[in-house]
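For reference, the structure discussed in these notes is given below.
Please treat every number below as a calculation from the coordinates, not as lab data. These numbers come from a predicted model, not from an experiment. Cβ placement follows ideal geometry from the backbone for every residue including glycine, while neighbour counts extend to all protein chains displayed.
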Amino acid sequence: QVQLMESGGGLVQAGGSLRLSCAASGRFFSIETINWYRQAPGNQREFVAQITSSGTTNTADSVKGRFTISRDNANNTFYLQANGLKPDDTAVYYCAADVKLISYLSTSRFWGQGTRVTVSS
């Protein structure tokens, strides 16, 4: 129904930047909230950032001031700009979209496969 494809991960030195992308495809009425999560080895998945359909954003304290979430509704593509990367940011980053498949239904959450970010010290 809805496919999410993340890209933009890679290996970067501490202090560097990456822009992660999440492209949505499939059949749906609207994409409401976009969320980015990450999971480091041995850790639980944790919330990173969120943007609503109206553009309201929320970011985790651990990345506040360094990461910025945005969305391009016309192209169903969503971004996480990660600046000032630290080794602790090393993780697999996932986007999760809360989607209305039909206008009168509540949202359903779909997940991407993830993109790996490795920050070297």
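Structure notes:
- Using all pairs of distinct alpha-carbon atoms, the Kirkwood hydrodynamic radius of the chain works out to 14.4 angstrom.
- Scanning residues 5 or more positions from residue 29 or on other chains, those with amide H under 5 Å from its amide H are 100, 101, 102, with H placed 1.01 Å from N in the peptide plane.
- The range 1-106: relative contact order as a whole-number percent, Cα under 8 Å and 6+ apart: 35
- Label-point separation in nm, residue 5 to residue 47, each point 7 Å along Cα→Cβ: 3.0
- The listed peptides 97-103, 55-61, ordered by packing as a protection proxy, come out as 97-103, 55-61 (highest mean of other Cβ atoms within 10 Å first).
- Relative packing of peptides 62-72, 6-16 - highest average C-beta neighbours within 10 Å first: 62-72, 6-16
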